[in-house]
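To keep things clear, I will list the structure first and then write my remarks on it.
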Amino acid sequence: MSSVEASKPVAKPTPVIQRVIAILWPAFLTSGVATIITFTLFDPQEISACVGGPQISRLGAYTVGFFSLWLLTTLTSVLTCYFQRPCELTNRANGS
Amino acid sequence: MSEKSDLHEPKGGMADVLYEKRVKIYPREVHGIFARLRTLGVVVLLGIFYGLPWLRWDDRQAVLLDLPARQFHLFGITFWPQDFFYLAALLIIAALSLFFFTALAGRLWCGFACPQTVWTEVFLWIERKIEGDRLRQMKLDRAPWTGRKMFIKGGKHFIWIVFSLYTGLTFVGYFTPIIELSQKLVNFSQGPWEAFWVLFYGFATYGNAGWLREQVCIYMCPYARFQGAMFDKDTLIISYDEKRGEPRGSRKRGTDYQDKGLGSCIDCSMCVQVCPTGIDIRDGLQYQCIGCAACIDVCDSVMEKMDYPKGLIRYTTEHALEGTKTHVLRPRMFVYGGMLLLVMAALLYAVTQRVPLDVDVIRDRNALYRETSEGLIENIYTIKVINKDQRDHQYHLQVSGLENIKLINRMGDFTVRSGQVLNVPIYVQIDPVDLPATSNTIQFTLVATDDANITHEEEARFIGAAVR
Ligand code: SF4
Ligand code: SF4
């Protein structure tokens, strides 16, 4: 695929929906895996017993955990996409 | 394995597809053997999905991945986070079966069993019942927004949403007891997290099956991207018989087309109209093709009307198309199949040998050892006992590994309730003359008093100054 892209840099702009998918979706997949592993190893109630903090049900902790991980992985995806922009575009944006 | 399939390279450059604006696809309804098989798949799979959480077993939900309690109930067995190995083995089995069936018959999974396909099929069915067939749907979409259009569209989305929410409820019902959950939902007393997940999963269903559809397959599905690696020239694929079909062209029924120099394809474009991903199979196998066989069904019905032999589009292999022999039994199949059988056997063995009891020995942190008033060396431990069985049990604890070693267990034989953890403080004593070294290995053995098969041995260190 990369060869195709290299020979044809950004033929037409990617539709927004697909860009959103390309960022959110891989992040969703990896954060799902990370959530499963994290909470198999650690019981959220034991963590909150050690760390203190507000009391929250296990289901709540799983949810918060999942979405924090998703946020983090989304950030990674965004950065990947950002750095992947062809140099051409940056040059143009800088007005050269 | 040596022959790599080249049919799978996307033609015409993927960039074109990737950057094109999506055109809504209106798949035409098909009838035929594969359409019937898919409907059967939909009914069976959705029947299982929606029915399973309601099934009872021993006065408990038969399949309950009880996340709040950190216990997974699967009919007669309860799994714990410590049993992660079984989950991993299951995932490996799923992956290997996918490899096996992909190498054998291409994207069978996609066309007939993938949740994306199955739910989209239901959503399409609802859409067809409300908006009418393909032509009507297109006409309605082009028409200006009138009261009637709003009524029809609104009705469709309403039914989609209700169905999605019920799907969300069922999904959450795999993780929290579904009967209580639905009772609570009826009088709005469910917890906020449960409500959130019902909505979240319902929204995902609605979005994926109602709106995104084939885009999920083309842009989001990891399997769709790498399944080509499992193809070879002996894999069953859906293919258009170019030799027989070309040159394509329209003609009157009953004319001698060969006389006119035409092939069997009458260029009716039916295969394109039924395709859920909107491709033309006559351009060759493309990575967007989910192997749903809708084009086979419709083309066969066209061939029948024309009195031509069926199978212009059919399940075949690259080798067969080239006129050579197809090898079903090839090294690749043995490798995937062998690995699959091996992991399945291992899992089966592990499950039958599984002892529903876990023991952890924790040494007292305060002192390495101490001397009693009688001059014995004493080590202190806490024995953590987890009863993973679905019944309560009474256990008997023993220590061994050194001669004349003595166990002092103030609790005697103790009972642990099903699914509970019990910490048992114990003292182990020995006469220093019997101590061979400073650090020694000893064994704790726990046996259920009512079932000698439920037993667990755990090693520990015994420390003390030896006099020899
Ligand atoms: S491409 Fe992926 S999402 Fe689409 S039907 Fe196949 S497995 Fe399912
Ligand atoms: S080309 Fe045929 S088999 Fe492939 S997705 Fe389209 S209709 Fe289904």
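The values are calculated or read from the model by the stated rules, or taken from the named source; none is laboratory data. Note that the coordinates shown come from a computational prediction; the quantities given were computed from them, not determined experimentally. Note that each Cβ is placed from the backbone with ideal geometry, even for glycine, and that neighbours are counted across all protein chains shown. Areas reflect the complete protein model, heavy atoms only, side chains present, ligands, DNA and RNA absent. Shrake-Rupley method; radii C 1.70, N 1.55, O 1.52, S 1.80 Å.
Using a Förster distance of 35 Å, how high is the FRET efficiency between B:Glu371 and A:Thr38, based on the Cβ-Cβ distance and rounded to 0.05? The pair B:Glu371/A:Thr38 has a calculated efficiency of 0.20. Put simply, the C-alpha atoms of the protein assembly as shown give a gyration tensor, and the ellipsoid matching it has half-axes of 59, 28, 26 Å, longest first.
Placing a pseudo-label 7 Å from each Cα along the Cα-to-Cβ vector at B:Phe200 and B:Thr324 gives an inter-label distance of 5.1 nm. The angle separating the long axis of helix B:331-353 from the principal Cα axis of greatest extent in chain B is about 40 degrees. At an R0 of 41 angstrom, the distance between the Cβ atoms of B:Asp280 and B:Ala95 translates into a FRET efficiency of 0.80.
The trypsin sites (Lys or Arg not before Pro) of the range B:344-431 that meet both conditions, a loop assignment by DSSP and at most 14 other Cβ atoms within 10 Å of the site Cβ, are B:Arg354, B:Arg365, B:Arg391, B:Arg410, B:Arg417.
Spin-label model, B:Leu74/B:Arg136: points 7 Å from Cα along the beta carbon direction are separated by 4.5 nm.
Our estimate of slack between B:Arg253 and B:Asn453, defined as 0.36 nm per intervening residue step minus the Cα-Cα distance, is 64.4 nm.
For the range B:207-243, the list of trypsin sites (Lys or Arg not before Pro) that fall in a loop by DSSP and count at most 13 other C-beta atoms within 10 angstrom is empty. Kirkwood Rh over Cα pairs of the range B:232-321 into Stokes-Einstein at 10 °C, 1.306 mPa s: D in µm²/s? Roughly 118 µm²/s, to the nearest whole number.
Post the alpha-carbon centroid distance, the range B:111-167 to the range B:426-468, in whole angstrom. Each part's Cα centre sits 69 Å from the other's. Other protein chain C-beta atoms within 10 Å of residue C-beta, averaged over A:57-63: 6.
Contact order for the range B:36-98, expressed relative to its length and based on alpha carbon pairs under 8 Å spaced 6+ residues apart, stands at 15 percent.
To test your reading of the geometry: what angle, between 0 and 90 degrees and rounded to tens, separates the Cα axis of helix B:147-172 from the longest principal axis of chain B? Value to nearest ten degrees: 30. Relative contact order of the range B:232-321, taken over Cα pairs closer than 8 Å and 6 or more residues apart, is 40 percent.
Report the Cα centroid-to-centroid distance between the range B:49-99 and the range B:335-369 in angstrom, as an integer. With the range B:49-99 and the range B:335-369 each reduced to a Cα centre, they are spaced 17 Å. Projected over every direction and averaged, the convex hull enclosing the alpha-carbon atoms of chain B yields 33.6 nm². Spatial offset of the range B:192-223 relative to the range A:65-96 amounts to 24 Å, using the alpha carbon center of each. Applying a 4.7 Å cutoff between beta carbons, the unpaired cysteines of chain B are B:Cys110, B:Cys114, B:Cys217, B:Cys221, B:Cys265, B:Cys268, B:Cys275, B:Cys289, B:Cys292, B:Cys299. Between B:Val43 and B:Thr438, the modelled label-to-label distance comes to 7.6 nm, taking each label 7 Å out from Cα in the direction of the beta carbon. The solvent-accessible area of A:Leu41, taken with every protein chain present and a 1.4 Å probe, is close to 120 Å².
Once the piece of chain linking B:Lys305 and B:Arg461 is laid out straight, how much longer is it, given 0.36 nm per residue of separation minus the C-alpha distance between them?
Values: separation 156, 0.36 × 156 = 56.16 nm, distance 8.26 nm.
Length gained between B:Lys305 and B:Arg461: 47.9 nm.
At full extension, A:Val78 and A:Val64 could sit 3.0 nm farther apart than now, given 0.36 nm per residue minus the alpha carbon distance. Looking at the range A:18-66, what % of the alpha carbon pairs are farther apart than 16 Å? It works out to 48 percent of all Cα pairs. Summed over both chains, the accessible area lost when A and B associate is about 2500 Å², using a 1.4 Å probe.
Among the residues of B:188-199, the average count of other protein chain beta-carbon atoms within 10 Å of the residue beta-carbon is 2. Among the GluC sites (Glu not before Pro) in the range B:360-452, those located in a DSSP loop and surrounded by at most 16 other Cβ atoms within 10 Å of their own Cβ are B:Glu374, B:Glu403. Within 10 Å, at most 12 other Cβ atoms, and a DSSP state outside H, G, I, E, B define an exposed site. Report the longest part of chain B free of exposed chymotrypsin sites (Phe, Trp or Tyr not before Pro). Value returned for the longest uninterrupted segment is B:189-468.
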